[in-house]
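Accompanying notes for the structure given below.
No lab work stands behind these numbers, since they all come straight from the coordinates. The structure displayed is predicted, hence computed values, not measured ones. Counting neighbours? That spans all protein chains shown, and the Cβs are built from the backbone with ideal geometry, glycine included.
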Amino acid sequence: MNLQSLIVNGVWIQEKYEGQLESGKGSGVTLTRKYQLRKKGDNYRSKTQEMHQTEAYASFQSFILRFQQYLIYQTNEGAITLRASKIKVDTTESRYPVYDGEATWVYDPRKPDYLTNPTTWSHRMIGGTRNVSLPVAPQRFYARPGVVPIHRVGVNWSPERGYEGVDAYSPERRLVAKQQLLASFVTDAYWELMYSLSKTVNAFPFRGLAPGSVLYLGLDSDEAFNRDNKVHDITHQFVIEPNLVNFHVDGIPVSHKWGHEYLWFEHMSTEAGALTTQVAVAPIYHASNFDLIGLS
């Protein structure tokens, strides 16, 4: 089948040499091709018959939808899939009964499509605060003359409540994944699986991040239509917290703390001040296989 010269419903559609390719930073790729449409004549004297607008429109639309709804465009960095987004057919009094056709294909990396099923990723820093009980470096102490300074290991010591800490700015790093699925795939079983995976950490490396450092918050889903098909536009969210290994808390060695585990410590009062006696690291979330989420 020669898509550069094809007869559809009696209309001869020929691709012209005219066309253009547009690409910009962050805006994807737009490809435009131009065509000539003529209705084949019924004898050698009449090589082109008169053709109503509706015949030209219908034939060109059928040509694009049946044969070129998607184009594989080869770049030096690999192949991308462009989707037909707009067609145009017109003629002038001087050119009638010959019509001009124009088709535009678009590749937008920011908009997933259920046929090609890509996943688009974005990174976000979400502002917030966190209670910090231990400073990142030894504190400096300034005492009244004649008073021996107490070298506290934590922040804001209270005899009743221990180290109360301080609320400090702590931006949260998030990963956001977007995909589009046909509604027929988004079943009750799918929701049950996603719910079971939410509030779990990665049991295996995930996008280059170590096990235990990524927490899956779950997904948001919006129903929509892509052409004639009902789809779900789905957004997955993850929180990243780095793992800590081989560190000390007030002189007590700790082998490791995975990113989303909770560290706390006990202390006792001594003449020299508060003394940390034990450090505890509590797992808060179960681990699961994030491959089950179905992201590419």
- Relative contact order (percent) for the chain, with alpha-carbon contacts under 8 angstrom and 6 or more residues of separation? 12 percent
- Amide H partners (placed H, <5 Å) of F247, local residues excluded: V254
- Query: In percent, what relative contact order does segment 32-106 have, based on Cα pairs under 8 Å that are 6 or more apart in sequence?
  - Reply: 38 percent
- Going down the list K86/K111; K88/K111; K34/K86; K111/K199; K88/K230, which pairs span over 20 Å between their C-alpha atoms? K88/K111; K111/K199; K88/K230
- Note on the structure: Simple spin-label estimate for L65/R161, 7 Å along Cα→Cβ, in nm, reads 6.7 nm
- Karplus 3J(HN,Hα) series, Hz, for segment 74-87 with 6.51 cos²θ - 1.76 cosθ + 1.60 (x for Gly, Pro): 8, 10, 5, 9, x, 8, 10, 9, 9, 10, 4, 10, 7, 10
- For the chain, what does the alpha-carbon gyration tensor say about shape, rounded, prolate or oblate, given a ≥ b ≥ c as the root eigenvalues, a/c under 1.5 as rounded, and a/b over b/c as prolate? prolate
- When the helices in the chain are scored as -39500 (n - 2.57) per DSSP H run of 4 or longer and the sum is shared across all residues, what 222 nm value do you end up with, to the nearest 500 deg cm²/dmol? -2500 deg cm²/dmol
- Query: Once both axes come from the Cα atoms, what is the angle between helix 188-197 and the longest principal axis of the chain, in degrees from 0 to 90, rounded to 10?
  - Reply: 30 degrees
- Query: Tell me, in nm to one decimal, what length is gained between N243 and S196 on full extension, where the rule is 0.36 nm per residue of separation less the Cα-Cα distance?
  - Reply: 14.6 nm
- Query: Arranged by the count of other C-beta atoms within 10 angstrom, fewest first, what order do I252, I240 take?
  - Reply: I252, I240
- Message: On the Cα set of segment 5-107, report Rg and Dmax in Å, please.
- Response: 15.4, 53
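Length gain on complete extension for the stretch A210 to L295, per 0.36 nm per residue less the alpha carbon to alpha carbon distance? Intermediate results must be reported in sequence, preceding the final value.
Working: separation 85, 0.36 × 85 = 30.60 nm, distance 1.74 nm.
Full extension from A210 to L295 adds 28.9 nm.
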- Query: In what sequence do E241, E77 fall when counting other Cβ within 10 Å, fewest first?
  - Reply: E77, E241
- On Cα atoms only, tilt of 53-67 relative to the major axis of the chain in degrees: 50 degrees
- Note on the structure: Listed with the fewest Cβ neighbours within 10 Å leading, Y17, Y73, Y216 appear as Y17, Y73, Y216
